[in-house]
1. Which listed residue (Ile150, Val78, Val103) has the Cα farthest towards the positive end of the charge dipole for region 13-181, taking +1 on Lys and Arg C-beta and -1 on Asp and Glu C-beta about the Cα centre?
2. Could you give the length gained on full extension between Lys122 and Glu52, defined as 0.36 nm per residue of separation minus the Cα-Cα distance, in nm?
3. Could you list Asp79, Asp94 so that the one with the fewest beta carbons within 10 Å of its beta carbon is first and the one with the most is last?
4. To the nearest 0.05, how large is the calculated FRET efficiency for His75 and Gln208 if R₀ is 45 Å and r is the Cβ-Cβ distance?
5. If R₀ is 45 angstrom, what is the calculated FRET efficiency for the pair Arg240 and Lys104, using the beta carbon separation as r and rounding to 0.05?
6. Once the cut-off is 27 Å, how many percent of the Cα-Cα pairs in region 13-181 end up in the long-distance tail?
7. Return P(r) of region 86-167 (all Cα-Cα pairs; 10 Å bins starting at 0; whole %; ordered from short to long distances).
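What follows is calculated from the coordinates using simple rules that are stated; it is not laboratory data. Model, not experiment: these values are computed from the prediction. Every residue, glycine among them, receives a Cβ derived from its backbone with ideal geometry; neighbour counts consider all protein chains shown.
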Amino acid sequence: MARKPGHQDQPPDQIHGHRSAGRIAGSEQVKFSIITIFPELVRSFLNYGLLEKAIQKGLVEVEVHDLREFSRDKHRKVDDRPFSGGPGMVLMPDPLFRAVESVKSRQDGRVILFSAYGRILKQEKVKALAAADHLILICGRYEGVDQRAIDQLVDEEISLGEYVLMGGEIAAEALLEAVSRMIPGVVGNPESVEGDSFFQQDQFTFPQYTQPRTYRGLDVPEVLLSGHHKEIEQWRAKNRKTRRKKNEANS
């Protein structure tokens, strides 16, 4: 059925927990509100691994909003042809305005649109976003989003890289996971986060090895088996950028 004026917006699909102490900065918990035309695509992502546990612990709260619920059209249409002509469809402004305004009516937040025109996401930005109370993530689709919605609603545009995806859902999931890793308690050992590649500028993770010691004639470097912590740290420092340089040379 078409929405009538004054129709009460449907409550979002919510997966959340109780608030828990402990944050890098800011509030007790990071809240994500994800606006998408494919809510099941996002919802399924929340049911696995450390992210699922973080939600259950109340360290992260996630709301998934179906953009079609905010359409006034009886067929729940959210896109139309561009006035300038050309291929593809464009997300219309009205459903986006209604969705963002509905989310903000409960809690204000920073609005991010995933777009090819956005600033490429790097770890420094992830660390900054981890200090936010509420991130509202708009997943673009089709040929893009009506510019009026971008101008009036969006605080910043973010891109994962210089390539094109079908939509913004994978980008939203990547940001959600990257930011969640920064929240104390999400990853069991804080040193795992502090040792991540890019956690500090120009920092890369050193090569890693596990059992068995020899596999198909390939041996684990002897220094890693020596127990000499100083020598191991020296080896790690020397080899941090080895794989990065090799991949850059092959690109």
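1. Val103
2. The span from Lys122 to Glu52 would gain 22.8 nm if fully extended.
3. Asp94, Asp79
4. 0.30
5. In this case the efficiency is close to 0.60.
6. 22
7. The percentages, shortest bin first, are 17, 49, 30, 4, 0.
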